[in-house]
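Okay, structure first, notes after.
The values are calculated or read from the model by the stated rules, or taken from the named source; none is laboratory data. These figures come from a predicted structure and were not determined experimentally. Here Cβ is always computed from backbone atoms with ideal geometry, including for glycine, and neighbour counts include all displayed protein chains. The protein model used for the area step is the full one, side chains on, heavy atoms only, and it has no ligands, DNA or RNA in it. Shrake-Rupley method; radii C 1.70, N 1.55, O 1.52, S 1.80 Å.
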Amino acid sequence: MVNRLILRILFYFKMSIKSFLSVFLARHVVRKNLVWKNNAVLCQQKMMRKLVMRAKNTDFGLDHSFSKIKTYNDFKKNIPLRDYEGLKPYINKIIAGKSGVLWPNKPIYFCKTSGTTSGSKFIPITKESMPFHLKAAKDAILTYILESKNTNIVNGKMIFLQGSPVLKRTGNILTGRLSGIVAHHIPFYLKKNRLPSYKTNCIDDWESKVDAIVEETINKKMSVISGIPPWVQMYFEKLQKKSGKLIGDLFPDFDLFIFGGVNYEPYKNTFEKLIGRKVDGLELYPASEGFIAYQDSQKEKGMLLCVNHGVFYEFIDVNDFFDKSPKRVDLSGVKTGVNYVIILNTNAGLWGYCIGDTVRFVSKDPYRIIVTGRIKHFTSAFGEHVIAEEVERSLKETLLIYPAEIKELHVAPQVNPEKGLPYHEWFIEFEKKPDDLEGFKNSLDVCLQNNNSYYRDLVSGGVLRELKITCVGKNGFIKFMKEAGKLGGQNKVPRLANDREIAEKINLYRE
């Protein structure tokens, strides 16, 4: 009897040691992070001074008199705002082999991203900044484990749909996509559970890669799946087609979906249908320039701003951004409910750098944000300035009245229609259309008017007519992205545009 009990205890211990250790580590990490979580403004003030002191003898630091910066007002006076074009002369020096340009050491990587006006961008990652790309993601998962008590996720397989880890060189610096770079730094204790294999991860063609991932994972005990929602949806659809099963039945241990890059809400209904049940979601806000925020609670709205992760943040009210001298504030000056353009200063050597994202604070105790869109992704041909958050909120409200499943969408103005007044054209690829498409359209327009008073005034004033929905054929957006050479990885379809460039291309795939 005693021996049998001992065997049971030993068996239980063997099966649960990972779970036990995950809770122990989670408790330690969450307690440790409370220091900066509860003292965010002070941490940011220290971060500003630390970054300036570290880089004062670099080319950039000498050019901008870092040695004279003592206060945040000095900081703003000496360091102008810039986009990649403003940073490019310094990047070119680094590519040419010079050290101490933006940061005391050369970058260990360039993260290659696709620019619109600049072509490819080469964002530096340094030995100081690299660890935070991993730390924040790890802390997000551990925080989830402690709050949810769901330790089962550490016992199953985890898949991360990401870019290729194959790196090239720019000058003498290793270069690749962020997710591909991060793949080289996965902790040893996760490698055994992590999928796909390195060989599969190196496949360039996205559709072939997803097919290979399906083959590798279809019979595995998956517990965590991570990626940008549209590409994970493609993976799920291929799995379902091959197995004939719901994802939740195929992977009964699948409990956590980790996502970022785009708003999950428009995909949520489709995901739940594919999975067959609800699973917890964990939102991350990683960027090539730094890991900005992560969801630290399943109960609270927004993502916790990473204030102790090598980044000093500044914020500009969206309404002021295009002014000649827009007002910049640090964390101590932000307000909840205001849309801000986020500006980064980092331990990778970015200074006054605008990444183009807009955020809104939903809490200041602690500081939590939501991503509201892109400063360059809006529809404002008539001064209405409709942003992604308003589009997605209007869509969510309409779906409560007219249930449907939406795969992807894009909104653009039609300024010169063949007849009648101008309008906003919504290109929508439905997974399942609403029973009453006309009612859906009318409700969507009303919701958008309620969410944007400028748009409402233009419609009621007879400047614009109600929006138009153009239905895109099955996989139309995938075909568009493939044609543009941006299928998969970290690429996303822009939700809004202020011209017809994308709209005319998507229009080729209309029903």
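With a cut-off of 12 Å between beta carbons, the residues surrounding V182 carry a summed charge of +4, where Lys and Arg count +1 and Asp and Glu -1. Can you give me the C-alpha center-to-center distance between segment 337-391 and segment 199-248, rounded to a whole angstrom? Rounded to whole Å, the Cα centres lie 32 Å apart. Here the relative contact order of the chain, from alpha carbon pairs under 8 Å that lie six or more residues apart, stands at 13 percent. Measuring with a 1.4 angstrom probe and ignoring ligands and nucleic acids, I502 comes out at about 30 Å² accessible.
Please list, in chain and number order, the residues 5+ apart from T336 or on another chain whose amide H is under 5 Å from its amide H, with Hs placed from the backbone. Excluding prolines and chain starts, which carry no amide H, there are no hits. Averaging the Cα positions of each part gives two centres, and for segment 158-181 and segment 434-511 these lie 33 Å apart. The calculated FRET efficiency for the pair K468 and K221, based on their C-beta separation and a Förster distance of 45 Å, comes to about 0.45. Taking 0.36 nm per residue of sequence separation and removing the Cα-Cα distance, the S460/E207 pair yields an extension gain of 86.5 nm. Close amide H partners of D357, meaning residues 5 or more places away or on another chain with modelled amide H under 5 Å apart, are I342, I375. Ordering G171, L142, G100 by Cα displacement along the dipole of segment 68-211 toward the positive end leaves G100 in first place; charges were set at the Cβ atoms of Lys, Arg (+1) and Asp, Glu (-1). Computed from point charges on the beta carbon alone (+1 for Lys and Arg, -1 for Asp and Glu), the dipole magnitude for the chain about its Cα centre is near 2460 Debye. For the chain, hydrophobic long helices are taken as DSSP H runs at least 18 Å long by C-alpha position along their axis with mean Kyte-Doolittle hydropathy of 0.0 or more; these are 2-37, 40-55, 130-148. For an R0 of 35 angstrom, estimate the FRET efficiency from the Cβ-Cβ distance between K127 and N416 and round to the nearest 0.05. Rounded to the nearest 0.05, the efficiency is 0.10. Charges were assigned to the Cβ only: +1 to each Lys and Arg, -1 to each Asp and Glu. The resulting dipole of segment 82-187 about its Cα centre is roughly 360 debye. With every protein chain in place and a 1.4 angstrom probe, the accessible-area ranking of Y285, Y198, largest first, reads Y198, Y285. Ellipticity at 222 nm from helices only: DSSP H runs of n ≥ 4 in the chain, each -39500 (n - 2.57), divided by the residue count, give -12000 deg cm²/dmol. Against the criterion of solvent-accessible heavy-atom surface with a 1.4 angstrom probe, F160, F477 sort, most first, into F160, F477.
Simple spin-label estimate for D74 and F322 gives 3.6 nm between the two label positions (7 Å along the Cα-to-Cβ direction from each Cα).
Computed from label points 7 Å out along Cα-Cβ, the spacing between L21 and N155 is 1.5 nm.
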